[in-house]
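The values are calculated or read from the model by the stated rules, or taken from the named source; none is laboratory data. This is a predicted model, so every value here is computed, not measured. Quick reminder, even Gly has a Cβ in these numbers, built from the backbone with ideal geometry, and neighbours come from all protein chains shown.
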Amino acid sequence: MRRLIFLTIATVLTLGGLYVANASFAPDLVVRFRIANPDPVELDRLIGVFDERVQRDPDTTLYRSTLGRLYLDRAGLTSDLGDYDRAIELLSSAEVTPELAVPLARAYLAVHSFDDALATIEVAPADSVATLTVTTDARLGLGSFAEAELVITRLERMHPSEPAILIRRAELALLTGDGTRAVEAADQALHYTEAARLPDADRVFYLSAAARHHLLAGDAREALGHAEEAVGLDAANGAAQLLLARAQAATGDLDQALASAERAASLIPDPTTLSFLADISLALGDSETSNRHLDTIEAIAKLDQPALRRSTALALAEHGRALQLSLAMAEAELTERDDPYAHHLMATVLHALGRHLEAETHAALAISIADPSVWFRAGLIALENGQGNLGVERLEAALDLSPNFHPVHAQAARQIIEELAP
Amino acid sequence: MTKKPWVRPALVVGLILAMAAPIAGVGAADHLDSPAAGDLQTDINDLYAFESPVQGHTVLALTVAPAAGLIAGTDFADKGVAGYQIRVDRDGDTIEDLTYQFDFTTRDDGSQLVQVRMVEGRKATALNPRGRVVAVGTVGETLELRTGGKVFTGLRSDPFFFDLAAFSNVVEGGNLTDGRQFNDAARSDFFAELNTLAIVLEVPTSSLGGEIAVWATTTAPNEAGVWQQADRIGRPAINTVVNSSGAVVGADPGNKALFNASHPKDDAQFTSPAKDALRILSSLSAEGSYDEATLEALAGILLPDVLTYDTSQPASYLNGRALTDDVIDISLSIVTGGAITTDGIGTHTDYLAEFPYLGVPNE
């Protein structure tokens with residue numbers, strides 16, 4: 001067993017670092033200073049060129065900032081947290097100019113340093129679209145939805161058909177409980193990507209986002225179509241592969257879902273992907289493989305990466321692993337980002353710890369969002385607290401939102417409802 | 001009294017171009033001067049015109065896509081999304097008599113196909129002229145032109161050379177705090193090891209004419225789907241200088257896009273901004289700004305923005321533009337009144353003695 005754990009840790013580390021799926025919330029609105037379709041080989045070469053220049057002339061700001069941008073570009077391709085950290089180190093090593101504020105703020109967003117992102121973007125022109133989108137993302141990340149609403153509304157007035165704004169509208173709608181509007185806005189965003197002639201990398205993002213919103217809304221077939229198109233455009237996109245796996249699972253094709261999830265994990269072995277892979281493996285009766293993936297998540301947890309904290313703690317709590325560590329992570333999340341998903345995480349951890357009354361407090365705050373997994377957990381907690389009717393209502397709400405929202409949990413919800421039926 | 005000697009105006013422009021260069025991007029001859037162009041693949045870098053080592057032939061070279069692979073991508077924009085043109089005026093009326101149109105198509109395997117058309121006469125003035133197809137082939141390969149000569153399109157080493165880091169500190173002033181100076185111990189060429197997309201024509205000089213004016217354009221549809229001119233260049237960085245909206249020159253922010261969308265024959269509309277820019281920049285000298293007569297004369301030479309070239313003479317920046325012409329050094333000398341004579345950066349060493357003359361891509 002020790003050898004198995006060692007191997008799984010080694011697998012994560014030798015894949016090149018730690019990764020965060022969907023690290024950048026949405027594609028940049030401002031196309032200047034970014035490569036439309038970055039060539040990974042050329043990026044690596046240029047990183048080598050400018051790395052050498054920075055080593056030779058460490059005080060030349062232009063070279064540090066250029067190298068920082070290159071690392072940021074590569075991070076956008078790989079989601080490698082190490083690249084984001086290096087970009088932040090380089091971009092923040094000199095006075096932050098208005099030109100550098102936006103890329104630096106985006107790097108902070110990617111590693112979930114939302115307050116740093118807000119502080120950094122203050123240097124940029126206040127009314128620019130780039131500034132406002134970064135502000136939106138930081139507000140969404142921090143759970144400041146009223147502020148996010150104000151900024152998004154302003155952006156929508158400026159650019160009513162802009163995919164990057166519509167997809168932020170979708171996210172805000174989801175987080176504030178309006179799943180229908182979320183799907184509508186995600187579809188609109190996808191529609192406008194064609195007129196905007198966006199590069200494939202951005203198109204993949206919007207297809208994946210639309211797939212995610214359709215999946216959360218229970219429209220697995222539509223989600224599957226979008227996810228398949230996204231993977232067709234870029235099979236090396238780990239986030240798209242994971243969405244495809246989820247959509248395949250939701251349409252009942254667990255074998256294909258397993259294959260897609262394995263591809264996703266080979267690209268982005270982050271806790272969310274590994275947790276899903278563990279669930280799929282379990283659903284297919286392979287508990288040994290499932291446990292191996294959970295062991296890897298436990299190993300990742302020990303590395304204490306803020307950007308992975310939420311997904312790691314949730315994955316561990318959902319599987320009853322390292323609960324004290326998960327609790328500490330959940331408390332940190334709630335302190336820094338008091339939003340419905342932080343309450344969902346806390347509810348899940350407390351539920352796993354058997355602290356059901358405390359869990360209910362957080363579950364009640366979490367179910368303001370239109371995410372069936374959140375409603376499922378809240379239902380279980382209500383049942384543990386002896387609130388049978390409430391529990392069943394919540395489980396039914398989860399299934400109403402999406403009948404096959406999870407390869408294991410959806411079936412569990414149905415069984416519980418059936419067992420408790422009068 | 002004119003305080004300054006008559007200067008070679010194109011060189012003044014060469015310096016000023018970089019003053020307006022985006023600090024965090026790549027400021028070069030014309031790099032990133034086209035903010036209206038949503039696609040960096042249509043953003044023009046430089047235009048060169050020089051004599052070929054092949055007797056009786058002339059080379060016209062256009063580079064686009066700033067720092068391809070770093071800022072812009074490494075493929076040309078496809079037909080339907082963009083078009084690329086090199087235009088030649090043979091009779092001095094600033095209206096093109098000959099246009100080469102380059103259209104690209106990306107194949108399923110990711111490689112690109114180029115189609116070159118040659119259009120003469122009135123039709124040459126069209127945004128995307130349709131005329132005789134003179135070459136079709138794969139990007140990255142040298143193709144023979146049916147009208148004589150050859151063409152290359154594809155990724156090459158950027159021939160431009162310049163210490164952008166020092167310039168950003170010294171000339172733009174205050175944006176960087178690293179203390180870099182021109183020709184100091186840390187001098188280095190920002191463009192070394194960077195790539196650009198290039199379109200290189202080598203054609204019989206007789207097909208062009210004797211005293212010609214050359215400029216290049218890119219075209220793309222706007223948001224409404226209407227085709228427009230996305231960028232243009234004659235001499236290096238005229239638009240970047242004349243219409244710099246930065247703190248130093250302070251031109252109308254809308255001027256740059258207007259310039260890029262307009263035809264050189266209408267460049268008189270930019271005379272006033274040109275004089276303003278020259279007045280401000282020449283004030284850097286201890287001798288003070290150019291007087292009105294000099295400003296007027298300089299503006300009259302800078303505009304219209306075309307690269308004039310007497311093909312019977314060797315190319316040297318004012319007369320055409322060779323790959324090795326050091327615009328920056330001479331410009332620094334002029335603008336600083338001799339206080340700064342060089343950025344300490346010499347030409348690249350990867351130029352080729354034979355077609356397509358621009359070095360092989362850095363990899």
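So, in region A:117-161, exactly how many residues are of a type in the set (Ser, Thr, Tyr), over 21 Å from the mean Cα position of the chain (by Cα), at pLDDT 90 or above and part of a loop (DSSP other than H, G, I, E, B)? So that I can check it myself, show each step before the final result.
Initial filter on region A:117-161 (of a type in the set (Ser, Thr, Tyr)): A:120, A:128, A:131, A:133, A:135-136, A:144, A:153, A:161.
Applying the additional criterion that residues be over 21 Å from the mean Cα position of the chain (by Cα) yields A:120, A:128, A:131, A:153, A:161.
Pick out the ones that are also at pLDDT 90 or above and you get A:120, A:153.
From the residues that got through so far, the ones that are part of a loop (DSSP other than H, G, I, E, B) too are none.
Count: 0.
A:ALA378: crowded, with 24+ Cβ neighbours inside 10 Å and within 27 Å of A:ALA257 (Cα to Cα), yes or no? Show your work before the answer.
Details: crowded, with 24+ Cβ neighbours inside 10 Å: yes; within 27 Å of A:ALA257 (Cα to Cα): yes.
Spelling it out, A:ALA378 is indeed crowded, with 24+ Cβ neighbours inside 10 Å and within 27 Å of A:ALA257 (Cα to Cα).
Filter region A:171-188 down to the residues that are in a helix (DSSP H, G or I) and farther than 25 Å from A:ALA119 by Cα and list them by number.
Result: A:ALA173, A:LEU174, A:GLY179, A:THR180, A:ARG181, A:ALA182, A:VAL183, A:GLU184, A:ALA185, A:ALA186, A:ASP187, A:GLN188.
Do the conditions hold for A:ASP59, that is, is it outside any helix (DSSP H, G or I), farther than 26 Å from A:PRO306 by Cα and either free of Cβ contacts under 8 Å to residues at least 24 places away in the same chain or more than 7 Å from chain B (Cβ to nearest Cβ) (or both)?
yes
Is it the case, given these coordinates, that B:ALA77 is at pLDDT 90 or above, within 19 Å of B:THR153 (Cα to Cα), within 13 Å of another protein chain (Cβ to nearest Cβ) and part of a loop (DSSP other than H, G, I, E, B)?
It is true that B:ALA77 is at pLDDT 90 or above, within 19 Å of B:THR153 (Cα to Cα), within 13 Å of another protein chain (Cβ to nearest Cβ) and part of a loop (DSSP other than H, G, I, E, B).
How many of the residues in region B:306-335 are assigned to a strand (DSSP E or B) and either among the hydrophobic types (A, V, I, L, M, F, W, C) or modelled with pLDDT under 80 (or both)?
Looking only at region B:306-335, we keep the residues that are assigned to a strand (DSSP E or B), and these are B:307-310, B:316, B:319, B:321.
Next, from what is left, pick out any that are either among the hydrophobic types (A, V, I, L, M, F, W, C) or modelled with pLDDT under 80 (or both): B:307.
Number satisfying all stated conditions: 1.
Condition check: at pLDDT below 75, within 12 Å of another protein chain (Cβ to nearest Cβ), in a loop (DSSP other than H, G, I, E, B) and under 24 Å from the mean Cα position of the chain (by Cα). Does A:ALA23 satisfy that?
Against the criterion (at pLDDT below 75, within 12 Å of another protein chain (Cβ to nearest Cβ), in a loop (DSSP other than H, G, I, E, B) and under 24 Å from the mean Cα position of the chain (by Cα)), A:ALA23 does not qualify.
Of all residues being away from every other protein chain (no Cβ under 14 Å), not β-branched (Val, Ile, Thr) and not in a strand (DSSP E or B) in region B:37-72, which is surrounded by the most Cβ atoms within 10 Å (Cβ to Cβ)? Just the residue, please.
So the residue we want is B:SER52.
Under the condition of being surrounded by fewer than 23 Cβ atoms within 10 Å (Cβ to Cβ) and in contact with a helix residue (DSSP H, G or I) (Cβ under 7 Å, 6 or more places away or on another chain), which residue from region A:352-363 is nearest to A:GLU318 (Cα to Cα)?
Looking at the filtered set, the residue picked out is A:ALA352.
For region A:241-353, which helices (runs of 4 or more DSSP H) that fit wholly inside it have 2 or more residues that are under 29 Å from A:VAL231 (Cα atoms) and of a type in the set (Val, Ile, Thr)?
A:271-283, A:287-301
If you scan region A:196-211, which residues turn out to be away from chain B (no Cβ under 14 Å) and either in contact with a helix residue (DSSP H, G or I) (Cβ under 6 Å, 6 or more places away or on another chain) or at pLDDT 95 or above (or both)?
Those that are away from chain B (no Cβ under 14 Å) and either in contact with a helix residue (DSSP H, G or I) (Cβ under 6 Å, 6 or more places away or on another chain) or at pLDDT 95 or above (or both): A:ARG203, A:VAL204, A:TYR206, A:LEU207, A:SER208, A:ALA209, A:ALA210, A:ALA211.
Run B:ARG232 past the list (1) surrounded by 18 or more Cβ atoms within 10 Å (Cβ to Cβ); (2) basic (Lys, Arg); (3) away from every other protein chain (no Cβ under 14 Å); (4) assigned to a loop (DSSP other than H, G, I, E, B) and report the number of the one that doesn't hold.
If we test B:ARG232 against (1) surrounded by 18 or more Cβ atoms within 10 Å (Cβ to Cβ); (2) basic (Lys, Arg); (3) away from every other protein chain (no Cβ under 14 Å); (4) assigned to a loop (DSSP other than H, G, I, E, B), just (4) comes out false.
Of the conditions (1) assigned to a loop (DSSP other than H, G, I, E, B); (2) under 20 Å from the mean Cα position of the chain (by Cα), B:TYR100 satisfies every one except a single condition; which number is it?
Result: B:TYR100 fails condition (1) only.
Looking at this structure, is B:PHE182 within 14 Å of chain A (Cβ to nearest Cβ), touching a residue at least 40 places away in the same chain (Cβ under 8 Å), closer than 27 Å to B:GLN229 by Cβ and assigned to a loop (DSSP other than H, G, I, E, B)?
Criteria not met by B:PHE182.
Between residues in region B:204-225 that are within 14 Å of chain A (Cβ to nearest Cβ) and residues that are of a type outside the set (D, E, K, R) and crowded, with 23+ Cβ neighbours inside 10 Å, which pairs lie under 7 Å by C-beta distance while being six or more apart or on different chains?
Every condition considered, the pairs that remain are B:ALA220/B:ALA37; B:ALA220/B:THR42; B:ALA220/B:ALA82; B:ALA220/B:ALA230.
Conditions: (1) away from chain A (no Cβ under 14 Å); (2) buried (at least 22 other Cβ atoms within 10 Å of the Cβ). B:ARG117 meets all but one. Number of the miss?
(2)
Checking B:LEU295 against (1) in contact with a helix residue (DSSP H, G or I) (Cβ under 9 Å, 6 or more places away or on another chain); (2) at pLDDT 90 or above, which test does it fail?
Of the numbered conditions (1) in contact with a helix residue (DSSP H, G or I) (Cβ under 9 Å, 6 or more places away or on another chain); (2) at pLDDT 90 or above, the odd one out for B:LEU295 is (2).
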